[in-house]
1. The conditions are (1) touching a helix residue (DSSP H, G or I) at 6+ places or on another chain (Cβ under 9 Å); (2) small (Gly, Ala, Ser); (3) assigned to a helix (DSSP H, G or I); (4) more than 23 Å from residue 78 (Cβ to Cβ), and residue 149 fails exactly one of them. Which is it?
2. Would you point out which residue out of 192, 223, 209 is over 22 Å from residue 64 (Cα atoms), touching a residue at least 12 places away in the same chain (Cβ under 8 Å), out of contact with any strand residue (DSSP E or B) (no Cβ under 7 Å at 6 or more places or on another chain) and acidic (Asp, Glu)?
3. Sort out for me the strands (runs of 3 or more DSSP E) sitting completely within the stretch 21-94 that have 1 or more residues that are hydroxyl-bearing (Ser, Thr, Tyr), touching a Gly at 6+ places or on another chain (Cβ under 9 Å) and surrounded by 17 or more Cβ atoms within 10 Å (Cβ to Cβ).
4. Does the stretch 167-187 contain at least one residue that is at positive phi and either at pLDDT 95 or above or acidic (Asp, Glu) (or both)?
5. Which numbered condition in (1) part of a helix (DSSP H, G or I); (2) in contact (Cβ under 8 Å) with a residue 40 or more places away in the chain is the only one that residue 121 fails?
6. Would you be able to say whether some residue in the stretch 91-114 is over 27 Å from residue 19 (Cβ atoms) and either in contact (Cβ under 8 Å) with a residue 12 or more places away in the chain or touching a Leu at 6+ places or on another chain (Cβ under 7 Å) (or both)?
7. Filter the stretch 226-265 down to residues that are in contact (Cβ under 8 Å) with a residue 40 or more places away in the chain and in a strand (DSSP E or B), then give me how many there are.
Amino acid sequence: MAASAQKVLLLYEGRPPGNKTDDNKEELVRPEKGRPVVKNVTIPTLTHFKPVHADAGRGAVIICPGGGYLNLSIEDGGYDIAKEFADAGINAFVLKYRTWVDGAYDHFRDIPLQDLDRAMELIYSNAAQWNIDTAGIGLMGLSAGGHLAAMGSIPGKLHHKPAYTMLIYPVISFRDSLTSPRSKTRRTLIGDDPAVAEKIAFSPELHVDRNTPPAFVVQAEDDSTSLVGNSLSYYESLVAHGVPGRLLIYEKGGHGFALHNKAEGEDWMPEAIKWLNLNGFRKTTKTSYLKK
């Protein structure tokens, strides 16, 4: 492995802002079938996977796992991906953002984006120590984490603008026409009966402008949890505003395939690294880490 041992950082000292109590009931659940998930996250952390190549780049990416804002698929949708980025010479950070816990917060809808903003601030503050070029810090999100990353791409939502986003089978829109009955993301974040204004405010595709960061977007056409129209709509908005983007649509694959689309026998990571190289986001002239 080319990735060094990871380092776990607390996002906040003391009680995180917005938490009502100091209770910590976090648990890792490993079901007999399906992926392991972390539930009841009230103490957010940032786990740094640092590349150890002598000629590693100075780029960085924050990875937001999915889970409908209820839990986090933090292993296959977080740590496994971070190792791949670190092996490619990119600093990778897995954000364990706070999830919905009944009675734990004042206003949960603001909490995940608040954690993402704090994660970006931590990386900026330590950029010199970690040999990171702040002009190359991007966001990646999977499923509901894709919604979080896309929200972070809206100009002005974060104190530091991300260089790019990478959205993997993302939930992007909260509009009725693009929200699957199978998805829990919108309901968890803004409730069962949100107002039209709330749906618009939490639909990043409606807020794309010429200042929106470039995006790499991956989804399967047969995804029934996040409808493929989410990715299509976001990409169309990028094109309409002259923002660079790459859209990779699989015919099959469903939802939640993480790094490997078993239905098509495809990995999207090599294409993602090529895209980062193409746009200069890895902050290195080396291309030796690309998988054959």
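The values are calculated or read from the model by the stated rules, or taken from the named source; none is laboratory data. As the structure is a prediction and not an experimental result, all values here were calculated from the model. Counting neighbours? That spans all protein chains shown, and the Cβs are built from the backbone with ideal geometry, glycine included.
1. (4)
2. On the way: 192 fails: touching a residue at least 12 places away in the same chain (Cβ under 8 Å); 223 fails: over 22 Å from residue 64 (Cα atoms).
Among 192, 223, 209, only 209 is over 22 Å from residue 64 (Cα atoms), touching a residue at least 12 places away in the same chain (Cβ under 8 Å), out of contact with any strand residue (DSSP E or B) (no Cβ under 7 Å at 6 or more places or on another chain) and acidic (Asp, Glu).
3. Details: elements: 27-29, 37-39, 45-49, 60-64.
Once the strands (runs of 3 or more DSSP E) in the stretch 21-94 are filtered for at least 1 residues that are hydroxyl-bearing (Ser, Thr, Tyr), touching a Gly at 6+ places or on another chain (Cβ under 9 Å) and surrounded by 17 or more Cβ atoms within 10 Å (Cβ to Cβ), what remains is 45-49.
4. Of the stretch 167-187, the ones at positive phi are 169.
Next cut, either at pLDDT 95 or above or acidic (Asp, Glu) (or both) only: 169.
Looking through the stretch 167-187, at least one residue is at positive phi and either at pLDDT 95 or above or acidic (Asp, Glu) (or both).
5. Condition not satisfied by residue 121: (2).
6. Kept after step one, since they are over 27 Å from residue 19 (Cβ atoms), are these residues of the stretch 91-114: 91.
Within this subset, residues satisfying the condition of being either in contact (Cβ under 8 Å) with a residue 12 or more places away in the chain or touching a Leu at 6+ places or on another chain (Cβ under 7 Å) (or both) are 91.
Yes, the stretch 91-114 has at least one match.
7. Number satisfying all stated conditions: 1.
Residue by residue, here is whether (1) of a type in the set (A, V, I, L, M); (2) out of contact with any Asp or Glu (no Cβ under 7 Å at 6 or more places or on another chain) holds:
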position	(1), (2)
10	yes, yes
14	no, yes
17	no, yes
38	yes, no
56	yes, yes
59	no, no
68	no, yes
72	yes, yes
82	yes, yes
